[in-house]
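Here's the structure, in structure tokens; my notes come after.
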Amino acid sequence: MSTDPQMIREAVAVFHDSKSLDAAIFDLETNGFDRSELSLLAPVSVVEKELGHVFQSVADLEDDVHAPMVAYTAPESVAEAEGALAGGLLYVGALAGLIPVVASGGSVAAALLAMSVAGGMGASVGGLLAGLLGRNQAHQLEEQLERGGLLLWVRTWNKGDEKRAVEILSAHSAEDVHVHSVPETDSDLDALLEKAGPATGKHTYRGVNYVSTDNGVFYTAGHVFPTEVALKAFIDRGKTIESHFENVLPDGVSLAEALTDPARAFGALDKLVTADLPASLKTELLKRWAYDVKQQQRATSEGMPASDHCVPLGDIQKALRDLNA
């Protein structure tokens, strides 16, 4: 039996200022990506501590599966998160739609889980998480910029996601934009769970196994979460993507093609709007279609020939408003 880990795909990019990074993230979220699919590099001090060595350039960490990551934190959420973490409380409130504080692929996650299993949660962990969430954020960004830039990873689920992510990242002056494959789970985390013993509770949510500790840390599939709500939100996103492929699309329409090029797959906007499909899937497809139209408009403004069959962007935006009314 093969023991090779299941692999996931991510788009990777380096930014040279926080304004471009924030603009790219806004564009990603506007065009169908969920905030739970975005990760940044942890603060330099945390990276060097967990890797066990000094790194000279963030470029060296782009494809390093052991580079510790943190979930993207919207600027307006930083102050609230810092207040919630005062006194070592392991809580992130409304932070980034209740997504993981520590993303996959890093030994920081294993360290947090180990401290929890050992009963070592407290002010020290609260201080670490506060740092990860944004305390002294300007200094942390400056340190990373001095090492070559700000790293962003974007979880992708199909070729269409990869294409859009690469185009969006490139449009915001990111460098070294590419897509890579990384293991979905972390062997260090899984090994810790084996030793967790009675301090660990095992649960199932929507068919996915996860573990909780008495000190309030939750783990599943290579991710550590500060709340059970955050963990379930992460599982929900994965289930939403999976459920798309369980739907029967109108005759002649391939879902794989629709996720990559909805205009080509459906031909007419009305065919998608009137299709007997869940609102969540229609929303995903309409956002992709809107993105493609905006790309066509940009190309036309730069002198490229206009498409004869381009659906007006306003029609797609109205369909999205009607769908979510």
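Since every read-out is calculated from the coordinates, none of them should be taken as a lab result. No experiment lies behind these values; they were computed from the predicted model shown. Note that each Cβ is placed from the backbone with ideal geometry, even for glycine, and that neighbours are counted across all protein chains shown.
Worth pointing out:
- Overall, the stretch 255-323 carries a charge dipole of about 200 debye about its Cα centre when +1 sits on the Cβ of Lys and Arg and -1 on the Cβ of Asp and Glu, all other atoms neutral.
- Listed from fewest to most Cβ neighbours within 10 Å, the set Arg264, Arg164 follows the order Arg264, Arg164.
- Listed residues Leu272, Gln295, Cys310: farthest to the positive end of the dipole of the stretch 255-323 (Cβ charges): Gln295
- A Förster radius of 30 Å combined with the Cβ-Cβ distance from Leu313 to Asp63 puts the calculated FRET efficiency at roughly 0.25.
- Per residue convex hull volume, Cα atoms of the stretch 255-323, in Å³: 77 Å³
- Order by protection proxy (mean Cβ within 10 Å, highest first), peptides 22-29, 273-280: 22-29, 273-280
- Greater than 18 Å apart at Cα, pairs in Lys239/Lys271; Lys282/Lys318; Lys159/Lys271; Lys202/Lys232; Lys159/Lys287; Lys294/Lys318: Lys239/Lys271; Lys159/Lys271
- Given their separation in residues at 0.36 nm each and the Cα-Cα distance between them, Glu142 and Thr274 gain 42.6 nm when the chain is fully extended.
- Ranked by how many other Cβ atoms sit within 10 Å of their own Cβ, fewest first, the residues Tyr210, Tyr205, Tyr219 fall in the order Tyr205, Tyr210, Tyr219.
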